[in-house]
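This report refers to the structure that appears directly beneath it.
The values are calculated or read from the model by the stated rules, or taken from the named source; none is laboratory data. Fair warning: this is a prediction, and the values are worked out from it, not measured in the lab. Glycine gets a Cβ as well: all are built from the backbone with ideal geometry, and neighbour counts include every protein chain shown. Side chains included, ligands, DNA and RNA excluded: accessible areas come from the protein's heavy atoms. Shrake-Rupley method; radii C 1.70, N 1.55, O 1.52, S 1.80 Å.
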Amino acid sequence: MRLVAINQLAPPPAAFNPLQAQLVLLGVIAAVESYLRAILRRLIAMDSICQESVHRRDVSYGAAIHLTKDMLPEAVLEKISFISKGSIVDSIRELAGIKGNLPPDVTASIDDYVKICHLRHCAVHRFGKLGVSNAIALGLEDHKELLEKPLLLDYLSLQNSIVISTGMVKTINNFLFNEIVSRISDSRWTGVYKTDKRLFLTYYKIFADTISTTGFSVGLKDMYILFMSQKAKFSAGLPF
């Protein structure tokens, strides 16, 4: 996970540099956006429902003739910026073909992350100063005394920002995996691991965490068994 690598660049508490911390914050936001683009691009490239959801979206002529088939979905994402709640939620729903409202834990994680995006806006576009629109988004009553004053990240604030960003990535990743795999037609599953392995692996490898230092994803076979167990409970009308 790129967020893990970026966190290694954070200045240590004993020699903390607020300006360096702002640069690390920029990297954090860039890593999150890179994740969202990659996960949606891969889903569009291989999932039929995701493909149907983008059939009417335009791509540039240049993208159409120069990008490979696997990378063409990147052109669909070209004009999307994942720095507001609306853009993140709409992209997940519209590009991944997700119906209905997102779960409360997903929207809550996005709300928290968007606040980090406002800090990033201060660092990039206002040379570290807190503007009115950013203060309103963060909570005007709590931040109005800081208007037009320099944004000075301390070590704890930077680490909290990284934790919030990492948390949103994991929450969205888990939600999308559950949502996408659960909607695969029952007719495509046999209930036999050896037979279903190829199909399940296609989705598993998109979402599996093989880098995080806080714990890897459940193994392929164990995840398949868990998935089938949950399907059986759902079919029987039992609570998960």
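What net charge do the residues around residue 73 carry, taking every other residue with its C-beta under 12 Å from that of residue 73, with Lys and Arg at +1 and Asp and Glu at -1?
Values: positive: 37, 41, 42, 57, 69; negative: 47, 70, 74, 78.
Spelling it out: positives minus negatives among the neighbours equals +1.
In straight-distance terms, cross-link reach from residue 221 covers every one of the aspartates and glutamates whose alpha-carbon lies under 14 Å from its own, apart from those fewer than eight places away in the same chain; here that gives 196.
Highest mean first, the peptides 94-101, 40-47, 61-68 sorted by other C-beta atoms within 10 Å per residue fall in the order 40-47, 94-101, 61-68. Seen from residue 188, the other residues with C-beta closer than 13 Å to its C-beta sum to a net charge of +1, counting Lys and Arg as +1 and Asp and Glu as -1.
Could you look at the range 31-90 and say what percent of its accessible area is carbon and sulfur, using a 1.4 Å probe and all protein chains? Intermediate results must be reported in sequence, preceding the final value.
Values: 1800 of 3460 Å².
Answer for the range 31-90 is 52 percent, counting heavy atoms of protein chains only.
Spin-label pair residue 163-residue 16: with each label point 7 Å from Cα along the Cα-Cβ axis, the two points sit 1.3 nm from one another. Set the bar at 25 Å for Cα to Cα. Now go through 79/115; 99/197; 99/231; 170/194 and name every pair that lies beyond it. Checking Cα-Cα distances, 99/197; 170/194 exceed 25 Å. In this simple spin-label model, placing a label point 7 Å from the Cα along the Cα-to-Cβ direction at both residue 178 and residue 226 gives a separation of 1.1 nm.
Sorting the segments 172-183, 223-234 by their residues' average number of neighbouring beta-carbon atoms within 10 angstrom, most packed first, yields 172-183, 223-234.
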